[in-house]
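Written below as structure tokens is the structure these notes are about.
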Amino acid sequence: MTNRAKFNLFFLVLAIILLVLNIIISFQENKVEWFRLISNVLLIILFSMNIYNENKKQKQH
């Protein structure tokens, strides 16, 4: 795994923690902020795709 992929993995873990925190906050406030949840899911998808692309690139070399 390249340094770039590790960097993306770190941010992926942070994005997942953020998503969990936002879900907990939503339950406590009894209102769902869809913008926050959707943006968190998009972040998770972004970092996952970056890791996938980095690993694919590494296998080609």
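The values are calculated or read from the model by the stated rules, or taken from the named source; none is laboratory data. Worth saying up front: this structure is predicted, and the values here are computed from it rather than measured. Virtual Cβ from ideal backbone geometry, glycine too; neighbours counted across all protein chains shown. We work out accessible area using only protein heavy atoms, side chains counted, and drop any ligands, DNA or RNA first. Shrake-Rupley method; radii C 1.70, N 1.55, O 1.52, S 1.80 Å.
Summary table
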| item | result |
| --- | --- |
| Region 19-31 residues that are under 23 Å from residue 46 (Cα atoms), paired with ones that are modelled with pLDDT of 90 or more and open to solvent by 90 Å² or more (accessible area, probe 1.4 Å) (beta carbon under 7 Å, 6 or more apart) | none |
| Residue in region 28-45 that is nearest to the chain's Cα centre (by Cα), counting only those that are in a helix (DSSP H, G or I), surrounded by 10 or more Cβ atoms within 10 Å (Cβ to Cβ) and not β-branched (Val, Ile, Thr) | 43 |
| Enumeration of residues in region 1-22 that are loosely packed, with under 14 Cβ neighbours inside 10 Å and assigned to a helix (DSSP H, G or I) | 3, 6, 10, 13, 14, 17, 20, 21 |
